[in-house]
Amino acid sequence: MMQTLRLNIFGGLIALACAPALAAPVQSTFTYSVSQGKEVIGEIQETLTLDAQRYKLESKTIPLGVAAIFVKDTILMRSEGVYSASGFQPERFEYHRSTKPKKDATARFDWSGKTAEFSYEGKTESQALPELLQDRLSALYQFRFIKPPKTQTLPVSNGKKIENQLFKYGGEETLTLPIGKIKAIRYVRERTPDDDGIAVWINDQWAAPVKIVVTRKKGGQTEQVLKRAKLDGR
């Protein structure tokens with residue numbers, strides 16, 4: 001079994017970002033190919049910036065190929081907050097669709113007041129803020145801080161509400177990806193009649209997930225694989 005997530009590139013990035021004053025922000029970019037079956041339907045570019053115990057994550061999805069003919073949306077998600085040896089603690093999450101602003105959502109997480117505030121569709125709602133909460137974007141990076149073979153329940157927000165999501169340890173696999181052949185650990189949330197299922201693969205070399213598969217509740221799958229990574233400008 002793969003050793004517990006050892007000191008790695010991500011650990012190195014955190015060490016740099018936590019260095020004494022004058023240290024510059026550290027930024028990494030991860031590019032994914034998105035496909036359904038054999039058809040490439042999109043590309044996702046995610047940027048992780050670490051600076052003085054704070055993080056910013058930005059994810060941009062654009063349609064490609066045949067999908068671009070029918071889908072004109074660019075989807076943008078942003079997450080920001082603080083991080084530590086325990087991982088990410090989001091303070092703000094945004095979800096935007098370029099052609100459907102009515103679907104936009106913004107969430108603010110007040111950890112001192114233990115309150116989550118959601119703004120969407122012209123209204124504002126609040127909810128108690130649970131411990132370990134992640135947003136839809138930061139959750140995918142938080143798996144690096146879970147020690148296998150642990151099963152983890154994560155409260156996750158999509159910007160409109162919070163749901164508890166049970167992720168089960170799925171073992172170690174060897175994947176052949178555009179970035180090469182790598183060993184990865186898989187976590188799985190099973191599909192239900194009311195919700196999509198998701199499998200996330202992480203590797204001790206990369207801060208970002210290397211593969212994500214979404215199994216839709218109505219059938220079919222979407223696969224997202226890491227094809228390029230640029231670490232701290234390199």
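Which FRET efficiency value, to the nearest 0.05, do you get for Lys103 and Arg228 by plugging their Cβ-Cβ distance into 1/(1 + (r/R0)^6) with R0 = 41 Å? Walk me through the intermediate numbers first.
Working: r = 29 Å, r/R0 = 0.70.
The pair Lys103/Arg228 has a calculated efficiency of 0.90.
Per-peptide packing, taken as the mean over residues of other Cβ atoms within 10 Å, places 104-113, 134-143, 172-181 in the sequence 134-143, 104-113, 172-181 from highest down.
Take 36-45, 209-218 and order them by the average number of nearby Cβ atoms within 10 Å per residue, most first; the result is 209-218, 36-45. Remark: for residue pairs Lys38/Lys160; Lys150/Lys181; Lys72/Lys161; Lys183/Lys217; Lys102/Lys161, the C-alpha separation exceeds 23 Å in Lys38/Lys160; Lys150/Lys181; Lys72/Lys161; Lys183/Lys217. Here the peptides 146-156, 198-208 are ranked by packing, the mean other Cβ count within 10 Å, and the order with the highest first is 198-208, 146-156. Averaging the Cα positions of each part gives two centres, and for region 191-219 and region 98-124 these lie 24 Å apart.
Dipole size in debye (nearest 20) for the chain around its Cα centre, Lys and Arg Cβ +1, Asp and Glu Cβ -1? Roughly 440 debye for the chain. Divided by 2.2 N^0.38 Å, where N counts the residues, the Cα radius of gyration of the chain comes to 1.00.
Our summary gives the chain a relative contact order of 17 percent, counting only alpha carbon pairs under 8 angstrom and 6 or more residues apart. Between the listed residues Ser126, Leu175, Ala139, the Cα displaced farthest toward the positive end of the dipole of region 9-231, a dipole computed from Cβ unit charges relative to the Cα centre, is found at Leu175.
Bear in mind that the values in this text are calculations on the coordinates, not laboratory data. All values reported here derive from a predicted model rather than from experimental measurement. Using ideal geometry, Cβ is built from the backbone for each residue, glycine included, and neighbour counts are taken over all protein chains shown.
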